[in-house]
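The structure appears right after this line, and notes come after that.
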Amino acid sequence: MADVGEILSDLRNNPEFRNGITFWHTIEPRPPVYSDWPEGVSEELRAVLRKRGIQNLYSHQSEAVRLAQNGRNVIVVTPTASGKTLCYNLPVLAHLQRHPDARALYLFPTKALSQDQMLELHDLAGELGQPLKIYTFDGDTPASARRTIRSSGHIVVTNPDMLHTGILPQHTQWVRLFENLKYVVIDELHHYRGVFGSHMANLLRRLHRICKFYGAHPQFVCCSATIANPKELAEQLVGRPFDLVDNNGAPQGGKHVIFYNPPVVNEELGIRRSVVNEAARWAMQFIPKGIQTIVFGRSRLRVEILTTYLKRAMERMKKDPTRITGYRGGYLPLGRREIEEGTRSGKYLGIVSTNALELGIDIGQLQAAVLAGYPGTISSTWQQGGRAGRRQDTSLIVLVASSAPLDQFIVNNPRYFFGTNMESGLINPDNVAILISHLKCGAFELPFDNDESFGPDSQGLLRYLEEEQVVRQTGNRWYWSSETYPAEEISLRSAAAENFVIINLSDDNRVLGEVDFFSAPMLIHEQAIYLHLSQPYVIEKLDWEGRTAYAREVDVDYYTDAVAKTDIKVLTPDREEEIPSEKSLPHVAAYRHFGDVEVSTLVPKYKKIRFETHENVGFGDIHLPQQDMHTESYWVDFSEGVVEALRQEGVDLGGGLRALGTALVNVVPIFVLCDPRDIRCSPMVRAPFSDLPTIYLYDAYPGGIGIAQRIFEIDKELFRSAADAITKCICKTGCPSCVGPPLEVGDRGKQSAERLLEYLL
């Protein structure tokens, strides 16, 4: 087996790779920091852990356990493979040893992680000799087992969706759990952001109501990847004060982090060599030499292609191709377990995965991680890269960039990645659309008292629901009065009450997925290409009134992008500030605002865009009604002085506004844990509200989820980042990697955006 250090030395001297490396960062090894065992951990439990090679606890583990045993709510933030699992398993098991009637509820975002953690708990409890009953309760749990789980499960492992539809609405069947609930564990807390996080906060409000009804006051132990605001996010989600534990005591080997930008193949369009091919080339520098490597792909399709390429490359080198395997959603559970065990045992040298293995599933010790495209957030990048170097050996992370704007920004601006500023997790629990959905669920579960608070103006919202004839007031209480089951109608991934169901005509009319009401015209109009797990489907029919789309699997080399005509009406401008010019003007250059807006959207056409090259290969018409959405927006408008100065310079104002808007949307995810599609942009040469050139950046969800408000707070950083992205892009006039294609922003779009930014910085 070759040494990682030797391979790295060879790569430094290989011009084929060296010329594409934009940044090479070395992290020095760090020894472990241990701490004493907390007093509440029994000798029997310590002996079990010593058998597993755990002689002492790391400093963060000891602190977290101690705080939990002292009745505190704890949020633990440490890197991958730092032993966060013990931070909640130890206090839970120690408490159950002393109080056998107590109960614990574990919440994980995925089934695979739930299964992995349950096996770990089973092993610990078995070695402890404690008759603890640990069960997974999810959609796959057989009906015959559910009664036993409800009555006798000491630890119930589940997910938010099952808590939402299968546990809280049926709490009378879970009396033993709720009467004796001591701990609630929430792992991978950073996943609960945006719409999903806002739903989660209200789901936990419902949990608190039911616990209070049964006389329980559980503690919360949460774990998260590194984000900018873990304590704030935990407190917003749970509605309780938290203690932060982030003093990572786990050892870390030396680590090399390499950013690699593939060679340009089309300078005008900003297109680079395929990220899939380049990631495969990097992986083949390690795998044939015995370096166990994980390759992360952004999609199921990319994973399958990469796996195929690596197997073929092994065959060409007369190596065993069976030592390469894929791992993704869609594989059967037993198959996934076999792959996990094979990776731990060293059977597989190369494993290609979607972000399914980003979470804390145990796959052993790997030496190299190759990321085929930027995962979308700094925290996810470290989570994926943290899969390599789980021992105290030298390891390697290679980020191979695609042509996407965010990828290009990161590899060309590494200071943003390695700086102290991580993305913030944002939620808005009081989003009216989401809040009212959970008020319905809460009323179904337990009547609301007149003086009971469930978010702001809950009594006013209950009166609205009474008008809708789903609740009624009797005496001092509000009762559910509808025959419907509200939890079944509410998706935790959407802010709209009515989702569109997508029926797969290629698979016996099975449900393929759901799309929220406001995204439907953009994503599932007739003849749209709908991508599900990277497989293209064409929407053959859209039943608007029936909220149903009918899709059929197809093999095409393009996707569709709907063209929206947007009008924005400012409802309440909550904040307004001047942006004084520091350069060309002696007076105010622009104004920045935050407030509520009404967005009216009509989607008349769609474009067909070819994969990889982003070429426009056709248009089509869409015939759907206009949609109106009340949301939150940030907007900036330029003064008449700026307009006059740009006019004299011959600057294309319309193209510049479109270009700058695109650049700003592209860099928002650097500061906020969100997808670029969560924030939308509407540039206007003459905005009705101000009669000035304006760029609106608004939350793409009814009521808003906090992104626009965050932009108002950090807009200077956003402007600087957009300027960096535009300046460092290799194109001359603009391209999809920075400000958008010249066809959309004009021949001087890039230069016009740069000029506008000068007035904002």
| How much length, in nm to one decimal, is gained on full extension between Arg686 and Ser600, taken as 0.36 nm per residue of separation minus their Cα-Cα distance? | 29.3 nm
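Can you tell me the dipole magnitude for the chain around its Cα centre, using point charges on the Cβ only (Lys, Arg +1; Asp, Glu -1), in Debye to the nearest 20? Please list the in-between numbers first.
Working: 80 positive and 94 negative charges, 526 e Å.
Here the size comes out at about 2520 debye.
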| field | Length gained when the stretch Asn19-Ala143 is fully extended (0.36 nm per residue, less Cα-Cα span) | value | 38.7 nm
| task | Report, ordered by chain and residue number, the lysines lying within cross-link reach of Lys212, taken as a straight Cα distance under 26 Å and ignoring same-chain residues fewer than 8 apart. | result | Lys133, Lys182, Lys231, Lys440
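Do any GluC sites (Glu not before Pro) in segment 391-500 lie in a loop, going by DSSP, with at most 14 other beta-carbon atoms within 10 Å of their beta carbon, and if so which?
Values: sites: Glu423, Glu445, Glu452, Glu466, Glu467, Glu468, Glu483, Glu488, Glu489, Glu498; in loops: Glu423, Glu452, Glu468, Glu483, Glu498.
Answer in residue order: Glu468, Glu483, Glu498.
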| query | Glu640 to Glu717: FRET efficiency via 1/(1 + (r/R0)^6), r the Cβ-Cβ distance, R0 22 Å, to the nearest 0.05? | reply | 0.20
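What's the FRET efficiency of Asp555 with Val264 using the Cβ-Cβ distance as r and R₀ = 41 Å, to the nearest 0.05? If you can, show how the numbers build up before the last one.
On the way: r = 29 Å, r/R0 = 0.71.
E between Asp555 and Val264, to the nearest 0.05, is 0.90.
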| No Cys partner within the rule (Cβ under 4.7 Å), the chain | Cys87, Cys211, Cys222, Cys223, Cys441, Cys674, Cys681
| query | In whole Å, how far is the Cα centre of segment 124-157 from that of segment 428-479? | reply | 34 Å
| field | Qualifying GluC sites (Glu not before Pro) for segment 249-345 [loop in DSSP, other Cβ within 10 Å: at most 14] | value | Glu267, Glu268
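Let me check I've understood the local charge: for His171, count other residues with C-beta under 12 angstrom from its C-beta, Lys and Arg +1, Asp and Glu -1. What total comes out? Kindly include the intermediate steps, with their values, before the conclusion.
Details: positive: Arg150, Arg176, Arg206, Arg209, Lys212; negative: Glu179, Glu445.
Counting the neighbours of His171, the net charge comes to +3.
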| message | Just to check I understand the Karplus step: with θ = phi - 60° and J = 6.51 cos²θ - 1.76 cosθ + 1.60, what whole-Hz values come out for segment 398-410, glycine and proline as x? | response | 10, 9, 9, 7, 8, 7, 4, x, 5, 4, 5, 4, 4
| request: Measure up Lys716/Lys750; Lys311/Lys347; Lys319/Lys347; Lys111/Lys541; Lys607/Lys728 against 21 Å on the Cα-Cα distance and list the ones that go over. | output: Lys111/Lys541; Lys607/Lys728
| remark: Under the 7 Å Cα-to-Cβ spin-label approximation, Asn70 and Met317 lie apart by a distance in nanometres of 5.3 nm
| task | Taking the Cα centre of segment 432-489 as origin, work out the dipole magnitude from +1 charges on Lys and Arg Cβ and -1 charges on Asp and Glu Cβ, in debye rounded to 20. | result | 80 debye
| Using 0.36 nm per residue, how much length does the chain from Thr733 to Arg12 gain when fully extended, once their Cα-Cα distance is taken away? | 256.2 nm
| Each label point is 7 Å from the Cα along the Cα-to-Cβ direction; what then is the distance between the points at Arg472 and Arg273, in nm? | 7.3 nm
| message | Of all beta bridges DSSP finds with both residues in the chain, what is the antiparallel percent, to the nearest 5? | response | 60 percent
| message | I'd like to know which of Ser482, Thr158, Asn277 lies farthest towards the positive end of the charge dipole of the chain, counting +1 on Cβ of Lys and Arg and -1 on Cβ of Asp and Glu. | response | Asn277
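Counting each DSSP H run of 4 or more residues in the chain as -39500 (n - 2.57), what helix-only mean residue ellipticity at 222 nm follows after dividing by all residues, to the nearest 500 deg cm²/dmol? The partial results should precede the final answer.
Numbers: 24 runs with 261 residues, N = 761.
Theoretical 222 nm ellipticity from helices: -10500 deg cm²/dmol.
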| request: Taking 7 Å along the Cα-to-C-beta vector as the label spot, tell me the Asp101-Leu334 distance in nanometres, rounded to one decimal. | output: 4.2 nm
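Bear in mind that the values in this text are calculations on the coordinates, not laboratory data. Computed from a prediction, not measured in an experiment: that's the story for all the values here. Quick reminder, even Gly has a Cβ in these numbers, built from the backbone with ideal geometry, and neighbours come from all protein chains shown.
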